[in-house]
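*Asks:* Just dropping this structure here.
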Amino acid sequence: MTKLLPTSTAGSLPKPSWLAEPEKLWSPWKLEGDELVAAKHDALRVTLAEQEGAGIDIVSDGEQTRQHFVTTFIEHLDGVDFNRRETVRIRDRYDASVPSVVGPVSRRKPVFVEDAKFLRAQTDCPIKWALPGPMTMIDTLHDAHYGSREKLAWEFATILNEEARELEAAGVDIVQFDEPAFNVFFEEVNDWGVACLEKAIEGLACQTAVHICYGYGIKANTDWKKTLGSEWRQYEQTFPKLQASNIDLVSLECHNSHVPMDLIELLRGKKVMVGAIDVANTAVETPEEVAATLRKALQFVDADKLYPCTNCGMTPLSRAVARGKLAALAAGAELVRRELPASMAAE
Ligand SMILES: [Zn+2]
């Protein structure tokens, strides 16, 4: 990107009501067969138009073709039984009924590559594509085969690497891995979590990102946040390892959260996607509020490495609120861009 402060979103965006029930996670599709395929393509066109219309610089698929950011990917793998569901505690926080790993996991065929090609054909903007990270994948299923979180994570890292290489070949500019689990299992992150992530990006020439947040704006997450105290220092546990890793960008939650902004200093040298939009709140930020968050972040990240973004995905929000928030993000970034030295923009 030559433009300073290029804007993007963390990942998911609301789906049109004719595709799936709005403002809901794991929302079932309203159509099936060929009609569903066509509707997903239409939704990709709509989400792209809304991002471009709002002035978002790095666009995404808004996860319009997936029911959930983790389970849809897992659904496409061999070795996972979707009929054998078990209730597990996700992120050590809430119970969910999830599929079971019953044998060796492998990727039968590409999962999102056709969707990525479709999106690539519709736009000249840079594209970011989100995949679940290995640790978050193992934390969103029941393992009845490997008996080791680490072992299964390495298997997923290999599978994700295959998918990421094909996404890159399809014209994706940034491949992102979502790792909310990095904010919970610190010891595992440092033991093997970051190493698995590096396996997932092995051999990629495109940019690579990791998104670490405090989750969607659902009740289980907002209740959890209330227990975290006045300063959220979770990032402190993982940033040093990430700073030393091969990942290019780190995507964070900042606006309205209790994360001390100076923790970003621990990532010095990395590009930082600064969350300047709260996804747990339906109030649309003003451009000035967005700008204030970005100005604070600029104390700890160089301007040419700051990527204004949302705190997390916006799937649980209404489309009108999400549109408003995207526009505020673009307008807030523009306010700060104008304050930067003209010489920087010319570089
Ligand atoms: Zn998130």
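The values are calculated or read from the model by the stated rules, or taken from the named source; none is laboratory data. None of these values were measured; they are calculated from a predicted model. We place every Cβ from the backbone using ideal geometry, glycine too, and count neighbours over all the protein chains shown.
*Asks:* Across the range 195-207, which residue is farthest from the ligand (Cβ to nearest atom) among those that are in contact (Cβ under 8 Å) with a residue 40 or more places away in the chain and surrounded by fewer than 22 Cβ atoms within 10 Å (Cβ to Cβ)?
*Replies:* The residue in question is Gly203.
*Asks:* On the basis of being among the aromatic types (Phe, Trp, Tyr), surrounded by 19 or more Cβ atoms within 10 Å (Cβ to Cβ) and either over 30 Å from Cys309 (Cα atoms) or modelled with pLDDT under 90 (or both), does Phe73 make the cut?
*Replies:* No.
*Asks:* Is it the case that the range 88-109 has a residue that's closer than 23 Å to Gln122 by Cα, of a type outside the set (D, E, K, R) and at pLDDT below 95?
*Replies:* Going residue by residue through the range 88-109, those that are closer than 23 Å to Gln122 by Cα are none.
Looking for residues that are closer than 23 Å to Gln122 by Cα, of a type outside the set (D, E, K, R) and at pLDDT below 95, one finds none in the range 88-109, hence no.
*Asks:* Being basic (Lys, Arg), at pLDDT below 95 and either more than 16 Å from the ligand (Cβ to nearest atom) or outside any loop (DSSP other than H, G, I, E, B) (or both) narrows it down to one of Arg233, Arg323, Arg295, so name that one.
*Replies:* Arg233 is the lone residue from the list that is basic (Lys, Arg), at pLDDT below 95 and either more than 16 Å from the ligand (Cβ to nearest atom) or outside any loop (DSSP other than H, G, I, E, B) (or both).
*Asks:* Additional query: Condition first: of a type in the set (A, V, I, L, M), more than 23 Å from Ser251 (Cα to Cα) and either away from the ligand (no atom under 16 Å from the Cβ) or assigned to a helix (DSSP H, G or I) (or both). Can you find one or more residues in the range 54-72 that meet it?
*Replies:* no
*Asks:* Any residue that is touching a residue at least 24 places away in the same chain (Cβ under 8 Å) and farther than 28 Å from Leu252 by Cα - is there at least one of those in the range 91-98?
*Replies:* No, every residue in the range 91-98 fails to be touching a residue at least 24 places away in the same chain (Cβ under 8 Å) and farther than 28 Å from Leu252 by Cα.
*Asks:* Looking at (1) in a loop (DSSP other than H, G, I, E, B); (2) within 16 Å of the ligand (Cβ to nearest atom), which is the one condition that is false for Lys15?
*Replies:* Going through the list (1) in a loop (DSSP other than H, G, I, E, B); (2) within 16 Å of the ligand (Cβ to nearest atom), Lys15 breaks only (2).
*Asks:* Next question. With respect to Leu167, determine if the residue is modelled with pLDDT of 95 or more and under 12 Å from Trp129 (Cα atoms).
*Replies:* Yes.
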